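Worksheet: the structure to be examined is printed underneath.
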Amino acid sequence: MSFVQPVTLSGCGVELVPLALEHEAGLRAAAADGELWKLRITSVPEPDQTQAYIEDALNAREAGHRFAFAVRDATTGTVLGSSSYHDILSAVKRVEIGYTWYAARCHRTHINTTCKLLMLTHAFETLGCNVVGWRTDNFNHASQRAIERLGARKDGVIRGHALRRDGTIRDTVMYSLRSGEWPEVKAQLLYMLDKPRA
């Protein structure tokens with residue numbers, strides 16, 4: 001059994017709830033805002049693949065190596081996107097955060113910063129993780145900048161690591177944050193949420 005158990009995380013008007021089939025219509029609508037499945041460097045499901053996307057996430061949860069959340073507006077309940085703990089390694093208390101995407105209207109808002117604060121706080125302060133990691137496509141420069149803004153450190157690049165949806169082979173950029181680095185990163189995330197946005 002995974003040490004990551006079902007939980008709802010909430011703060012700053014955002015909720016992360018365990019992903020379920022009931023979120024299909026909301027996820028489909030969120031992905032349609034920006035036609036995000038057309039980006040070759042993301043894992044956003046195409047509209048007719050949304051149910052399979054959720055079912056795959058639920059199967060991975062059952063297997064103990066991924067726990068997916070639906071990201072919702074806490075006031076309206078509207079689904080804004082999804083994020084997951086994945087590559088869960090209970091023995092060494094390590095998780096990665098990924099499979100993250102949001103409706104285009106959420107980009108450059110507080111949503112991603114809030115989700116990362118909630119997930120990192122839970123990982124380090126409740127689950128007792130030693131390390132939280134991230135991985136991203138070598139061509140996903142926006143994702144790399146976002147991960148680096150969090151304070152994560154680049155571990156390196158795994159060359160020829162995974163297939164993209166278009167069949168090309170990607171290099172994967174790996175990042176991590178250790179528990180001893182978390183207090184400073186938490187302070188920075190709180191500052192980012194508190195400061196006025198342009």
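State whether one or more residues within region 184-191 are in contact with a Lys or Arg (Cβ under 9 Å, 6 or more places away or on another chain), exposed (fewer than 13 other Cβ atoms within 10 Å of the Cβ) and touching a residue at least 40 places away in the same chain (Cβ under 8 Å).
Scanning region 184-191, I find no residue that is in contact with a Lys or Arg (Cβ under 9 Å, 6 or more places away or on another chain), exposed (fewer than 13 other Cβ atoms within 10 Å of the Cβ) and touching a residue at least 40 places away in the same chain (Cβ under 8 Å), so the answer is no.
Being open to solvent by 30 Å² or more (accessible area, probe 1.4 Å) and either β-branched (Val, Ile, Thr) or touching an Asp or Glu at 6+ places or on another chain (Cβ under 9 Å) (or both) is the filter here; which residues of region 47-85 pass it?
Those that are open to solvent by 30 Å² or more (accessible area, probe 1.4 Å) and either β-branched (Val, Ile, Thr) or touching an Asp or Glu at 6+ places or on another chain (Cβ under 9 Å) (or both): GLN51, HIS65, ARG72, ASP73, ALA74, THR75, THR76, GLY77, THR78.
Does region 65-82 hold any residues that are farther than 16 Å from VAL4 by Cβ and among the charged types (D, E, K, R), and which are they? Reasoning before the result, please.
First, pick out the residues of region 65-82 that are farther than 16 Å from VAL4 by Cβ: 71-81.
Scanning region 65-82 gives ARG72, ASP73.
Inspect region 160-168 for any residue being among the polar types (S, T, N, Q), over 29 Å from VAL7 (Cα atoms) and either in contact (Cβ under 8 Å) with a residue 40 or more places away in the chain or touching a His at 6+ places or on another chain (Cβ under 9 Å) (or both) and give the result as yes or no. Let's see the steps before the verdict.
If we filter region 160-168 for residues that are among the polar types (S, T, N, Q), which is where we start, we get 168.
With over 29 Å from VAL7 (Cα atoms) added as a condition, the list becomes 168.
Narrowing the set further to residues that are either in contact (Cβ under 8 Å) with a residue 40 or more places away in the chain or touching a His at 6+ places or on another chain (Cβ under 9 Å) (or both) leaves 168.
Scanning region 160-168, I find at least one residue that is among the polar types (S, T, N, Q), over 29 Å from VAL7 (Cα atoms) and either in contact (Cβ under 8 Å) with a residue 40 or more places away in the chain or touching a His at 6+ places or on another chain (Cβ under 9 Å) (or both), so the answer is yes.
Counting residues that are more than 28 Å from ALA74 (Cα to Cα), which helices (runs of 4 or more DSSP H) fully inside region 101-198 reach at least 1?
Values: elements: 111-121, 141-150, 182-194.
Where helices (runs of 4 or more DSSP H) fall fully within region 101-198 and carry at least 1 residues being more than 28 Å from ALA74 (Cα to Cα), they are 141-150.
The rows are residues; the columns are (1) closer than 22 Å to VAL14 by Cβ; (2) of a type outside the set (Asp, Glu).
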site	(1), (2)
ASP48	no, no
TYR53	yes, yes
LEU89	no, yes
THR100	yes, yes
LEU118	yes, yes
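Within region 86-102, how many residues turn out to be within 9 Å of the chain's Cα centre (by Cα) and open to solvent by 20 Å² or more (accessible area, probe 1.4 Å)?
2
The values are calculated or read from the model by the stated rules, or taken from the named source; none is laboratory data. Since this is a predicted model, take the numbers as computed values, not measurements. Using ideal geometry, Cβ is built from the backbone for each residue, glycine included, and neighbour counts are taken over all protein chains shown. These accessible areas exclude ligands, DNA and RNA; they are computed on the full protein's heavy atoms, side chains included. Shrake-Rupley method; radii C 1.70, N 1.55, O 1.52, S 1.80 Å.
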